[in-house]
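The values are calculated or read from the model by the stated rules, or taken from the named source; none is laboratory data. Because the structure is predicted, anything quoted here is derived from the model rather than measured. Here the Cβ positions follow ideal geometry from the backbone for every residue, glycine too, while neighbour counts run over all protein chains shown.
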């Protein structure tokens, strides 16, 4: 099962270095590994979550592709840019994508759109959700291990 979130913004970060700085500013344990310009991101974006290798799919999207799919959602205004993040059922990939999205939204004064929940999150809400996830990660990882063991 694939999941996706998007960041809507009216500005874009200029580089992967700028994005990494936004991640570092939030003290998220995520390192992006990409040697091409941010504007060329399309596909798998490798990353390191702490000591673990992981990554997520990332692509730039025309805002209308998302807003027209969810006419019941009030997106606030006609945003200029959307960057979409998707991942499979991997907990590390999910954490990496959520950290990257929250930091991107915060750095661009954007909004995170959780497609599954059908809700928009202000940057501070997305950052807090990530901090909560980091705090609860050991419990979640233990539950995943227990589930796989049965």
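Things to note:
- Verdict on residue 102 being surrounded by 11 or more Cβ atoms within 10 Å (Cβ to Cβ), out of contact with any helix residue (DSSP H, G or I) (no Cβ under 8 Å at 6 or more places or on another chain) and under 23 Å from residue 21 (Cβ atoms): no
- Here the condition is being more than 27 Å from residue 118 (Cβ to Cβ) and exposed (fewer than 11 other Cβ atoms within 10 Å of the Cβ); of 72, 51, it holds for 51 alone.
- Qualifying residue in region 137-144 (condition: over 20 Å from residue 2 (Cβ atoms), in contact (Cβ under 8 Å) with a residue 24 or more places away in the chain, out of contact with any helix residue (DSSP H, G or I) (no Cβ under 8 Å at 6 or more places or on another chain) and assigned to a helix (DSSP H, G or I)): no
- Within the span defined as region 34-42, every residue fails to be in contact (Cβ under 8 Å) with a residue 24 or more places away in the chain, closer than 30 Å to residue 142 by Cβ, in contact with a helix residue (DSSP H, G or I) (Cβ under 9 Å, 6 or more places away or on another chain) and not in a helix (DSSP H, G or I).
- With respect to being buried (at least 18 other Cβ atoms within 10 Å of the Cβ), at pLDDT below 95 and either over 16 Å from the mean Cα position of the chain (by Cα) or within 17 Å of residue 126 (Cβ to Cβ) (or both), residue 1 falls outside the description.
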